Amino acid sequence: MKIYCKNIDRYLPVNGGETLSEILRDTPELADIARDVRPICARVNNKTEPLLFQVFGPKMVEFLPRTVGSGGRVYVRSLCMMLYRIVREVVPGSRLRIEHSISGGYFCRLWKGDGTPLQVDQPLIDTMLAKLRALQQRNAPFERDEVLTVDLIGMLRAQGLEDKALLLETVHDLYTTYYRLEGVIDSYYGALAPSTGLIDVFDLRLHKEGFILYGFDRRNPDVPARYVTQHKMDQAFSENLEFNKIIGVSNVGELNRAVDEGRTAQLIQVAEALHDKKISAIADEIARRYHRGGARVVLVAGPSSSGKTTTTKRLATYLITNLLKPKMISLDNYFVDRDRTPRDADGEYDFESLYALDLEQFNRDLTALLDGREVELPTYNFETGTREYRGDRMHLDPGDILLMEGIHGLNPALTPAIAENLKYRVYVSALTTLSIDDHNWIPTTDNRLLRRIIRDHKYRGASAVDTLRRWASVRRGEEKWIFPFQENADSTFNSSLIFELGVMRDYGEAILREVPNDCVEYAEAYRLRKFLSYFRPITDKSIPPTSLLREFLGGSSFRY
């Protein structure tokens, strides 16, 4: 029997029944891969599998390092189980919650048995970090097993993991995989490393009433990730976590239970009301600043599929209720001619670059408008790749306010000619605060990626393969042009809706099933399908036409 190894473009003989770790260790042709790539998992027939995966038939195998997307997720999951193992030892009887990503790492809190928060201090951080390092040095194995789900539910409850037990009860799988580390069991929704020895870069940092867990730095995987100041994002997360607590839905198991109990209509109404309240408050603050002589230009920014467009349209509505008249300018119309567009590292046009815009002309027009002069606005012809003037003129009357949406709105280099007090910046992002369970959070990028897959398929004629293939480039653009400027925002709007992944389940699964098994994007499509399978489907019939989610699903009362 043979497997095909993509790393070396060769077929290799195997006996059958070996794990990928054993094949890697015992095959001389893979010695360089073991040393240089330092695999943490593998892609088997375009599905991400642990190195403990046993090979019983012909397979296509690609060994993956920690530095690629799938490998990075395996690394972080394994680190989280190591942390849980240490918390069980150092603070017995406490509950570890890994709540969300923030400041370059993952915010964690400890809770007492009575449900009250446990205040973390530096001595406790130092103790846990020392024990984590000792656990790494022991090179303890992550033992993988699969049992009847009903048996695992009992095992999890016996260990105090009620959140995981509840999720499994609502998913109804017959068998479930779990891991054991030095006598402690846990469940994770993806592969783990073979042993703790591979998880050799990490750190802990005291933060608020909890702490931040850091893995490796993506730019330099040999050192821990660095702290990044994100006070405004932190506040937005905290507010929504408190909202989750009030409505009694903090994880997927609790959301599924709400579906089973027929409470989804109420959840939708409350979540939509929260959006209305937040946008209304932003509009009120803009109006206050406007009447004090500032906030003449409102810039709405955010990453892909964060819901910028709907947020801008709803904000315009609330500004009108504040007796202001919003006038819209599209940044897209200020693209430079195609032959002047910057290119990325792959030689492709980089439309995410700030310098894909004619900043000089844009600032001239803004300055003229704010000075009370009339300007002729350009229109960008995407077919010819040129900017055209078609007689579209604008001037600002008393009470008019400029409203613009675009990814660069928080970047000071976009509007250097405009005084700071005349600008009001709004940052929009889908800061998902719903967790799968205490040790498995929902990445905000997954939420946005699913929105984009559905929207691109529905409105742009793009397949899931097209969207998945481009996503890495989109993410690189966000890291360079959007995320470094998040803290410049005057207001942060969390566009996530606590029920939305349940609504997107059937939409997303149907599109993702079209991704063929013989392309590399299948691995990511399969992962997202598995992720969506944990959600009970929620019908969209109760979602109002003004909902931000309608931008992606259809049925909106706004025109796009």
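Values quoted throughout were computed directly from the atomic coordinates according to the rules given, and no laboratory measurement underlies them. No experiment lies behind these values; they were computed from the predicted model shown. When we count neighbours, we look across all protein chains shown, and the Cβ atoms used for this are built from the backbone with ideal geometry, even at glycine.
Overview of values
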{"quantity": "Nonlocal amide H pairs with Ser435, under 5 Å, H built at 1.01 Å", "calculated": "Asn251, Val252"}
{"quantity": "Rh (Kirkwood; distinct C-alpha pairs) - region 342-483, Å", "calculated": "18.3 Å"}
{"quantity": "With eigenvalues of the C-alpha gyration tensor scaled by 5 and rooted, region 1-145, Å", "calculated": "37, 14, 14"}
{"quantity": "Lys325 paired with Arg460, simple spin-label distance in nm, labels 7 Å along Cα-to-beta-carbon", "calculated": "3.4 nm"}
{"quantity": "Residues with amide H under 5 Å from that of Ala193, placed H, sequence gap 5 or more", "calculated": "Ser78"}
{"quantity": "Neighbour-limited loop hits for trypsin sites (Lys or Arg not before Pro), region 530-560 (at most 11 other Cβ within 10 Å; DSSP other than H, G, I, E, B)", "calculated": "Lys541, Arg559"}
{"quantity": "Shape parameters for region 234-553, alpha-carbon atoms, Rg then Dmax in Å", "calculated": "20.6, 61"}
{"quantity": "Over the chain, relative contact order from alpha-carbon pairs under 8 Å, at least 6 apart, %", "calculated": "15 percent"}
{"quantity": "Mean projected area in nm² (Cα convex hull; one quarter of hull surface) for region 257-320", "calculated": "5.6 nm²"}
{"quantity": "With Cα atoms, 0 to 90° folded angle of helix 264-291 axis to the chain main axis", "calculated": "40 degrees"}
{"quantity": "Proxy reagent accessibility, fewest Cβ within 10 Å first, across Ile3, Ile247", "calculated": "Ile247, Ile3"}
{"quantity": "Residues with amide H under 5 Å from that of Val228, placed H, sequence gap 5 or more", "calculated": "Gly104"}
{"quantity": "Simple spin-label estimate for Ala34 and Asp397 in nanometres, 7 Å along Cα-Cβ", "calculated": "7.8 nm"}
{"quantity": "HN-Hα J in Hz across region 177-189 - Karplus 6.51, -1.76, 1.60, θ = phi - 60°, x for Gly and Pro", "calculated": "7, 9, 10, 10, 10, 6, x, 9, 9, 6, 10, 9, 9"}
{"quantity": "Label zone at Arg338, where the point sits 7 Å out along the Cα-to-Cβ direction: region 365-389 residues whose backbone N lies under 12 Å", "calculated": "381-387"}
{"quantity": "Computed log₁₀ I(q)/I(0) - Debye formula, equal Cα scatterers, no solvent, region 70-228, q 0.10, 0.11, 0.15, 0.17 Å⁻¹", "calculated": "-0.36, -0.44, -0.83, -1.06"}
{"quantity": "Diffusion constant of the chain at 4 °C, which comes from Stokes-Einstein with the Kirkwood Cα-pair radius and 1.567 mPa s, µm²/s", "calculated": "51 µm²/s"}
{"quantity": "Chain lengthening between Met60 and Glu487 when straightened (0.36 nm per residue, less Cα-Cα)", "calculated": "149.2 nm"}
{"quantity": "Violating pairs (Cα-Cα greater than 31 angstrom) within the set Lys131/Lys530; Lys480/Lys541; Lys6/Lys308; Lys131/Lys164; Lys232/Lys313; Lys208/Lys278", "calculated": "Lys131/Lys530; Lys480/Lys541; Lys6/Lys308"}
{"quantity": "Note, ³J(HN,Hα) from phi for region 446-459, Karplus 6.51, -1.76, 1.60, rounded to Hz, x at Gly and Pro", "calculated": "5, 4, 5, 4, 5, 4, 5, 4, 5, 5, 4, 5, 7, 10"}
{"quantity": "Order of Phe499, Phe237, Phe362, Phe382 - criterion: other Cβ atoms within 10 Å of each residue's Cβ, fewest first", "calculated": "Phe382, Phe362, Phe237, Phe499"}
{"quantity": "Region 2-65 - Kirkwood radius from inverse mean 1/r over Cα pairs (Å)", "calculated": "11.3 Å"}
{"quantity": "Helix axis angle, 464-481 relative to the chain longest principal axis, alpha carbon, degrees", "calculated": "70 degrees"}
{"quantity": "In sequence order, calculated HN-Hα J values of region 521-531 (Karplus, 6.51, -1.76, 1.60; Hz; x Gly/Pro)", "calculated": "5, 4, 4, 6, 4, 5, 4, 5, 4, 4, 4"}
{"quantity": "Which of Met128, Met155 has the fewest Cβ neighbours within 10 Å, and the rest in rising order", "calculated": "Met155, Met128"}
